[in-house]
Amino acid sequence: MLKQKGKRAGVLGIFRTPETLLEAVREARELGYRGLDAVTPYPVHGLPEALGLKVSWMPRVTKTFFFVGAGLGFYFEYWTMAVTWPINVAGKPYFSIPAFMPVTFESGILITGVLTFLALFAADRLRPGPGFKALDPRLTNDRFALLIPTGFEGPKPAIRLLRELGALEVHEIES
């Protein structure tokens, strides 16, 4: 029995191929299991849909960060070049939108990158805790896993299901 600090109790089934994992996820969802999680060494096509995951909110946040960053960059250029320190260079206008575009774009990209990183780091808690131990080191190399959370019915039905679906190994995880 694996003991994972801070993780929810469940049953972990390890599969050899992504196809068997995908089929196991679909079968478990058909049988009414919810809150499933999968661990794979690389993205598996169709797995998010099979798990029933919602569309991520991060693209909208990233787009918002870009427009905020670009707007701040444009305003900063306008403020410095046309309001606070206007300098007449060869008779060009103080407020020139085409001249402001490179810095506007670059400031948008810079702010987007930094704030998206911080948003992901904060929202997904992307930091291992002290004493972190991976469920199985092979999951980053050549194995695929399905985690079925166990509720009040206990782990026995999930263990039986994973064995029927072709799991190479089945481990019970306690929180």
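Some points to look at:
- Contact order normalised by residue count of the chain, Cα under 8 Å, 6+ apart, percent: 56 percent
- Quarter of the Cα convex hull surface for the range 58-124, i.e. its orientation-mean projected area (nm²): 4.9 nm²
- Couplings 3J(HN,Hα) of the range 15-31, computed from phi: 10, 8, 10, x, 5, 5, 5, 4, 5, 5, 5, 4, 5, 5, 5, 5, 7 Hz, in residue order, whole Hz [Karplus 6.51 cos²θ - 1.76 cosθ + 1.60, θ = phi - 60°; x for Gly and Pro].
- Cα centroid of the range 139-168 to Cα centroid of the range 3-81, whole Å: 20 Å
- Per residue convex hull volume, Cα atoms of the range 20-108, in Å³: 134 Å³
- Cα-Cα P(r), the chain, percent of pairs per 10 Å interval: 9, 25, 23, 14, 11, 9, 7, 2, 0
- 15 Å beta-carbon shell around Glu30, net charge (K/R +1, D/E -1): -1
Readers should treat all values here as calculations from the given coordinates under stated rules, not as data from a laboratory. Since we're looking at a predicted model, the values are computed, not measured. Note that we place each Cβ from the backbone using ideal geometry, even for glycine, and neighbour counts take in every protein chain shown.
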